[in-house]
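The values are calculated or read from the model by the stated rules, or taken from the named source; none is laboratory data. All figures in this text were calculated on a predicted structure; none of them were measured in a lab. Cβ: placed from backbone, ideal geometry, glycine included. Neighbour counts: every protein chain shown. SASA here: full protein model, heavy atoms, side chains in, ligands and nucleic acids out. Shrake-Rupley method; radii C 1.70, N 1.55, O 1.52, S 1.80 Å.
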Amino acid sequence: MNRVLFPGAMGPDGFFSCFDTLLENPRRRLILKGGPGVGKSTFMHRIHAALCPGGEASTLYFCSGDPDSLDAVAVPHAGLVIMDGTAPHQIDPDIPGARDSIINLGICLNEEAIRPRLPQLQSCMDDHAACIRRARACLAAAAIFTRDNAAVAAEAADHAHLAQLTRALTRAVLNGQEAPSGTASVRPVITDAVTAKGEISLISDNAQKRVIRILAHWAADCTPILRQVSTAVQAAGYSVEEHLYPPIPGKLLHLTIPALSTLVTTSDLLPAEQTFDFSACIPHESLLRREHTLEQGRSAVRLHLHQAIGALSQARQLHDELESFYVPNMDFSRWQKILDETLSALAPELPQ
C-alpha cells in the first residue's frame with residue numbers, strides 16, 4: 001500500500017524540508033543529481049515499481065513545486081530511500097559509500113550541445129528565481145494576516161472552555177489504552193502545501209482507522225490544541241506524526257498516532273468517528289465585535305495566497321522551459337544503463 005506525502009514545501013523563509021525524516025534508520029540512501037529534464041522522477045518511479053510490484057508498503061513523496069513529479073520514495077522493507085538531491089533541497093551524502101550513494105544522471109547530458117544555450121538558460125533561471133522570491137513574499141504576507149486573524153480569534157475565546165475541551169479531546173485520543181514499551185518520538189510530515197496547482201491536501205491519502213475531527217472557527221489556530229494533545233500522547237508512550245503547514249511556520253494541521261491507528265485532523269475532507277466543536281469556545285457576541293477585522297484579514301490572506309500560487313505556477317512553467325533545453329540533449333540509452341545497474345545492485349532487496 002502506497003502512502004503519499006510531500007517531503008517539503010515552499011514557505012515564507014524558503015523551502016521547508018523534511019528530507020531528513022523520510023525513513024527511520026535507512027540502510028541505503030540513493031541521492032539523484034542532475035538538472036531539470038534528466039529523468040530523476042521517472043528513475044524513482046522505476047525503482048519503486050521494481051521494489052514494490054505487489055503493492056508492498058511504501059511512501060511516495062511528491063514535489064510541491066510540481067505535484068505530478070516525485071521528489072523521493074521510501075521503501076521500508078528494503079530499508080531504502082531514493083531522493084532528488086538537487087536544489088531547492090540540496091542533499092549530500094552523510095555516510096558516503098557505507099549507506100549513501102550519489103547517482104549522477106547529469107552525465108547523460110550532451111554538454112557540448114547544450115553549452116551554446118547558456119544565455120537562454122541563465123535568463124530562464126534568473127526569471128525562475130524571481131518567481132520564487134515573489135511567491136515567498138506573498139506567503140510571508142499571507143502568514144502575517146493569518147497570525148493576526150488567529151490572535152483576534154484567541155482574544156475572543158473562552159479559555160476555560162477551550163482547556164476543558166482540549167482535555168476531553170486528549171482523553172478521547174488515548175481512549176484508555178495501555179502505554180506501549182519503547183521511547184516515544186515525534187516525526188514531522190507534510191500533507192498540505194501551497195503549490196503551483198493551488199492549495200493541495202493529501203490528508204485523505206493518510207487516513208487512519210479512527211479519525212477524530214477538530215471543528216473550529218476558520219480564523220482560529222488549532223496548533224496549541226494539537227501540541228497539547230501531542231505532548232500528552234508522547235507522555236503516555238506513543239510516537240506521534242505532527243503534520244506541519246510550511247506556509248505558516250510552526251503551524252500544525254493534524255496529528256497521526258500510528259500505534260493507535262488514530263488521526264486527529266482539522267480538515268473536513270474525511271468522515272470522522274468523533275468531532276470536537278472548538279468553535280463553541282468563541283462566544284458569538286465576541287465574534288460580532290471583531291467581524292469586520294476578521295473579514296478584512298481573510299480577504300488579505302486569500303489575495304496573497306492567490307498571488308503566491310500564481311508566482312509558483314509561473315515558476316513551474318519556467319522549469320518546464322528549462323527541461324525543454326535539456327531533454328533533447330539526454331542520452332537515454334545511457335540513462336537506462338544506469339537504471340539497470342542500480343536495479344542490479346538492489347537485487348537482494350527485490351521481492352522473490
When you scan the stretch 44-98, how many residues do you find that are open to solvent by less than 20 Å² (accessible area, probe 1.4 Å), part of a loop (DSSP other than H, G, I, E, B) and either of a type in the set (Ser, Thr, Tyr) or under 23 Å from Ser344 (Cβ atoms) (or both)?
4
Cβ pairs under 6 Å, 6+ apart, first in the stretch 252-275 and farther than 15 Å from Val186 by Cβ, second surrounded by fewer than 14 Cβ atoms within 10 Å (Cβ to Cβ) and of a type in the set (Lys, Arg)
Ser261/Lys209
Selected residue (only one of Glu273, Glu295 is at pLDDT 95 or above and out of contact with any strand residue (DSSP E or B) (no Cβ under 8 Å at 6 or more places or on another chain))
Glu295
Going by the structure shown, is Met1 buried (at least 21 other Cβ atoms within 10 Å of the Cβ) and either within 11 Å of the chain's Cα centre (by Cα) or over 20 Å from Gln90 (Cβ atoms) (or both)?
no
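Per-residue answers, yes or no, for (1) closer than 22 Å to Arg298 by Cα; (2) in contact with a Lys or Arg (Cβ under 9 Å, 6 or more places away or on another chain):
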site: Leu165; (1), (2): no, no
site: Ala168; (1), (2): no, no
site: Gly176; (1), (2): no, no
site: Ser185; (1), (2): no, no
site: Thr195; (1), (2): yes, yes
site: Lys209; (1), (2): no, no
site: Ala220; (1), (2): yes, no
site: Gly237; (1), (2): no, no
site: Leu252; (1), (2): yes, yes
Filter result for the condition that a residue is modelled with pLDDT of 95 or more and open to solvent by 70 Å² or more (accessible area, probe 1.4 Å), over Ile132, Ile144:
Ile144
If the Cβ limit is 7 Å and pairs must be 6+ apart or interchain, which residue in the stretch 22-41 that is on the phi < 0 side of the Ramachandran plot and free of Cβ contacts under 8 Å to residues at least 12 places away in the same chain pairs with which residue that is crowded, with 20+ Cβ neighbours inside 10 Å and assigned to a helix (DSSP H, G or I)?
none
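A quick yes/no check of all residues on (1) buried (at least 21 other Cβ atoms within 10 Å of the Cβ); (2) more than 17 Å from Ala168 (Cβ to Cβ):
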residue: Arg210; (1), (2): no, no
residue: Trp218; (1), (2): no, yes
residue: Gln228; (1), (2): no, no
residue: Leu252; (1), (2): yes, yes
Could we say that Ser279 is over 30 Å from Cys108 (Cα atoms), touching a residue at least 12 places away in the same chain (Cβ under 8 Å) and more than 22 Å from the chain's Cα centre (by Cα) here?
yes
Return the total of residues in the stretch 22-75 being among the β-branched types (Val, Ile, Thr) and over 19 Å from the mean Cα position of the chain (by Cα).
3
Name the residue, out of Ile203, Ile257, Ile225, Ile214, that is in contact with a helix residue (DSSP H, G or I) (Cβ under 8 Å, 6 or more places away or on another chain), closer than 21 Å to Thr21 by Cα and either at pLDDT 95 or above or small (Gly, Ala, Ser) (or both).
Ile257
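Can you find a residue that is surrounded by fewer than 18 Cβ atoms within 10 Å (Cβ to Cβ) and more than 30 Å from the chain's Cα centre (by Cα) anywhere in the stretch 292-310?
Yes: one or more hits.
Here is a yes/no grid of residues against (1) within 28 Å of Arg316 (Cβ to Cβ); (2) of a type in the set (A, V, I, L, M, F, W, C); (3) in contact (Cβ under 8 Å) with a residue 60 or more places away in the chain; (4) assigned to a strand (DSSP E or B):
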site	(1), (2), (3), (4)
Ala179	no, yes, no, no
Ile212	no, yes, yes, yes
Trp218	no, yes, yes, no
Leu226	no, yes, no, no
Val233	no, yes, yes, no
Subset of the stretch 80-94, residues under 21 Å from the mean Cα position of the chain (by Cα) and not charged (D, E, K, R), comes to Leu80, Val81, Ile82, Met83, Gly85, Thr86, Ala87, Pro88, His89, Gln90, Ile91
Name the single residue that is least open to solvent (accessible area, probe 1.4 Å) among those in the stretch 4-43 being modelled with pLDDT of 95 or more and in a helix (DSSP H, G or I).
Phe43
Per the filter on the stretch 114-149, residues farther than 20 Å from His306 by Cβ and either outside any helix (DSSP H, G or I) or among the aliphatic types (A, V, I, L, M) (or both) are Ile114, Leu118, Leu121, Met125, Ala129
